[in-house]
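What follows is a single structure, written as structure tokens, with notes after it.
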Amino acid sequence: MKRGTTVYLYELAWILPSFAIPVGMLVALVVTAFGAGVHLPGNEGRVDPRTVGQTGPFAEPGVVQIAPGQYEVRMTAQIWSFAPGEIRVPVGSTVHFWATSKDVVHGFLIPRHIVNVMLLPGQVAHAQVRFDEPGEFPIICHEYCGIAHHTMAGKVIVEPRR
Amino acid sequence: MSSPTSSEQRLTAAFLIVAHVALFGGVVTGLFQSLEHAGVNVYPSTPLVKSYYHSLTLHGVLNVLVWTTFFICGFVPFITTRALRIPFASLGLAWGTFWIMTAGLVMAAIPLIGNAATVMFTFYPPLKAHWAFYVGLTLVVVGTWLVTLNLALTWRAWRRQNPGVRTPLPAFMSLVTFAMWTIASLGIAAEMLLMLIPWSLGLMSGTDPLLARVLFWFTGHPIVYFWLLPAYISWYTLAPRQAGGKLFSDPLARTSFILFLVLSTPLGFHHQYTDPGIQVGWKLVHAFLTFAVFFPSLLTFFNVVASLESGARARGGKGWVTWFGKLPWGDPSLAAQVLAMLLFTFGGIGGLINASYNLNLVVHNTAWMVGHLHLTVGTAVTLTFMGVSYWLVPHLASRALWSRTLALWQVWSWFVGMIIFSNTLHRLGLMGMPRRTMIGAASYLQPEWKALLPLVGIGGSILFLSSMLYFVNLVLTLTVSRAPAPAAPEFAEALSGPDHAPAVLDRWRPWLVLAVVLIAIAYGPTLVRLAVTTPFNTPGMRVW
């Protein structure tokens, strides 16, 4: 990069924006990540994958209303199903999912609702989402988990207000 | 320029042969995958291939692990000795490396083909493959370290004869590529040696999926740079000459490679944004570092395009954009590389979306990713390597390419097929279609996906036909072609040469130390916490 040459000037004219563009993108990312309240799974603790079906928070999977409009789902994933396999909540509910896997790595995806979590044996995963539209939405296992992986799905049924 | 000796040529040829056998297996299984998505389930009638998932594992392992690695281990040392104009430090070591890697490959291939390792190329435990699969792949990685050793010894011998001289750019880039990879591969080596191999041999009763994934992705992101940097070596040091021009800036090229050396590894958590068990703060740190590596990518974009432009202008190109048409499009080797660059632009933009902490939630583990990695490793890398083969194979065989016209058809059909294929998969991913799924049989197949899925089969079929044109051309080059090979492309001169580069760019220690320090900062706390607290109590399973 020899000073004063044309090549040097072109280099500089490119390097400065090349530095500024990623920085600008990062700022946008941080603003939207925190400003828009995007929630990533963090470190929520461990469970013993060998006994998770018998003891502890995942012994009885199910849906519990914890406050008006707030639901907590305790869910296990196992080849090749989710338990509970069907979740019913009224429209406008916020659902807190707590989930883990009893055997191999599974995935947990609700398309168009920004719920996207890996379920690892031994780890507790957390995600939360508000359902603003009535309808039936699939819960899809999106990590290869064996020969019948493509049959592993559940559903969320969001019921309209009566 | 002195050529590598004939024994070195045979060594490169040996690596290329193994690479191409793998590529052949990979594209055949790839065709099956894409047909399945289009509603044609061929698996009941295929010999050997037992299921969609068996096929998918073969496709992934053969293409992204074997084809790339063996091609690189043949091509990059060839480039290094050619640029330094000295023979390998140890030809015996080089051949030993080839046989260790090939033995490892055969060892891994037996359970892989026998459906005893249907665990995808990511082999996440507790899916438990046959031990030979893990041991074989580990031998391949050990082989790559021996390549690093040989390159370093060769460079040292050159340095002794040439004190004070700048390392020629192609050799410098080759050394950076293998230095970066050797550091990055420590993650997968630890996963294999400390977890998967003892566990698959029955010496450990359990494993831990999270720690295994952290170690896997320690290597799993930089491995894409291990694939890409050899393509960049061709783009920087050969393509400008093939285009009739000069490399725009040698110092800027060195700068971007040093930045790849430093920044490639401490960013693997961007593959694990959706994993539980990793603190959100560290995920954000890795997001920052991933965006930092965008900087050398932009430098590469500028430098390579400016170099091509110098060639096109020398050939009479005019205008801000229209010079592009004046590139020597009749040369299939250059056409392949330029089209690979074009599609890689979209791959790069997609990569930024994947790395974005927030947008990743929309696309993680969906078909979007399949579209993305077919633009990157499937085109930027693979189509470039095909372009390299169009001069390298004739050079090694001393026979001219059988048909340049056929090669041009091949290159363009790959480009068109890939646009259809990857665009469709990106769109399906945005609609929430999962990756790695036998989607034609899925219980939750959505009507909006169904409308697009035939395009996956059409794009995949075009890509398969394109790859067959490639193989036919190479086979006929080796068997039928009688004309002598044209001279292999020489390395490009630079408009701004190596003497303009700051001397610190030619020193190794500060950059290697900086790379290790950054890795220690980005990974240290999480790895220490996991090493101390992980119970290794997850039993293994065979569920296929």
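Data for the structure
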| item | result |
| --- | --- |
| Among residues of the range B:111-128, those that are among the hydrophobic types (A, V, I, L, M, F, W, C) and more than 30 Å from B:THR177 (Cα to Cα), counted | 3 |
| Residue that is in contact (Cβ under 8 Å) with a residue 12 or more places away in the chain and surrounded by 21 or more Cβ atoms within 10 Å (Cβ to Cβ), where the choices are B:HIS20, B:HIS54 | B:HIS54 |
| Of all residues in the range B:487-544 being surrounded by fewer than 17 Cβ atoms within 10 Å (Cβ to Cβ) and among the aromatic types (Phe, Trp, Tyr), the one that is nearest to the other protein chains (Cβ to nearest Cβ) | B:PHE536 |
| Options B:VAL543, B:VAL516, B:VAL528, B:VAL532; residue that is under 30 Å from B:PHE172 (Cα atoms) and of a type outside the set (S, T, N, Q) | B:VAL516 |
| Residues of the range B:251-295 classified as more than 9 Å from every other protein chain (Cβ to nearest Cβ), in a helix (DSSP H, G or I) and either at positive phi or not basic (Lys, Arg) (or both), total | 18 |
| Count of residues meeting criterion [more than 19 Å from B:PRO111 (Cα to Cα), modelled with pLDDT of 95 or more and either in a helix (DSSP H, G or I) or of a type in the set (Lys, Arg) (or both)] in the range B:36-63 | 2 |
| Candidates A:GLY24, A:GLY62, A:GLY69, filtered to the one that is out of contact with any strand residue (DSSP E or B) (no Cβ under 8 Å at 6 or more places or on another chain) and not aliphatic (A, V, I, L, M) | A:GLY24 |
| Answer from B:THR219, B:THR237 - the residue that is polar (S, T, N, Q), at pLDDT 95 or above and surrounded by fewer than 24 Cβ atoms within 10 Å (Cβ to Cβ) | B:THR219 |
| Checking B:ASN358 against (1) of a type outside the set (Ser, Thr, Tyr); (2) within 14 Å of chain A (Cβ to nearest Cβ); (3) part of a loop (DSSP other than H, G, I, E, B); (4) touching a residue at least 40 places away in the same chain (Cβ under 8 Å), the condition it does not meet | (4) |
| Number of the condition not met by B:PRO163 [criteria: (1) farther than 22 Å from B:ILE233 by Cα; (2) crowded, with 17+ Cβ neighbours inside 10 Å] | (2) |
| Any chance B:THR300 is touching a residue at least 40 places away in the same chain (Cβ under 8 Å), out of contact with any Leu (no Cβ under 8 Å at 6 or more places or on another chain) and in a helix (DSSP H, G or I) | yes |
| Selection within the range B:88-144 - of a type in the set (Phe, Trp, Tyr) and under 21 Å from the mean Cα position of the chain (by Cα) | B:PHE98, B:PHE121, B:PHE123, B:TYR124, B:PHE133, B:TYR134 |
| Only listed residue being surrounded by 14 or more Cβ atoms within 10 Å (Cβ to Cβ), aliphatic (A, V, I, L, M) and more than 7 Å from every other protein chain (Cβ to nearest Cβ), chosen from A:VAL73, A:VAL27 | A:VAL73 |
| Condition check for B:THR207: within 28 Å of the chain's Cα centre (by Cα), hydroxyl-bearing (Ser, Thr, Tyr) and buried (at least 19 other Cβ atoms within 10 Å of the Cβ) | no |
| A:PHE131 being aromatic (Phe, Trp, Tyr), out of contact with any Ser or Thr (no Cβ under 9 Å at 6 or more places or on another chain), surrounded by fewer than 24 Cβ atoms within 10 Å (Cβ to Cβ) and over 16 Å from B:VAL543 (Cα atoms) | no |
| Per-region count, the range A:30-46, residues within 7 Å of chain B (Cβ to nearest Cβ) and charged (D, E, K, R) | 1 |
| Single condition A:PRO90 does not satisfy, out of (1) within 14 Å of another protein chain (Cβ to nearest Cβ); (2) over 28 Å from B:ASN537 (Cβ atoms) | (1) |
| Matching residues in the range B:426-449 - criterion: being assigned to a helix (DSSP H, G or I) and within 14 Å of chain A (Cβ to nearest Cβ) | B:ARG427, B:LEU428, B:GLY429, B:LEU430, B:ILE439, B:GLY440, B:ALA441, B:PRO447, B:GLU448, B:TRP449 |
| Qualifying residues in the range A:102-116 (those that are more than 7 Å from chain B (Cβ to nearest Cβ) and assigned to a strand (DSSP E or B)) - the one surrounded by the most Cβ atoms within 10 Å (Cβ to Cβ) | A:HIS106 |
| Index of the failed condition, A:PRO49 passing every other in (1) out of contact with any Gly (no Cβ under 8 Å at 6 or more places or on another chain); (2) surrounded by 19 or more Cβ atoms within 10 Å (Cβ to Cβ); (3) assigned to a loop (DSSP other than H, G, I, E, B) | (1) |
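The values are calculated or read from the model by the stated rules, or taken from the named source; none is laboratory data. Computed from a prediction, not measured in an experiment: that's the story for all the values here. Cβ coordinates were reconstructed from backbone atoms using ideal geometry, including for glycine residues, and neighbour counts include every protein chain displayed.
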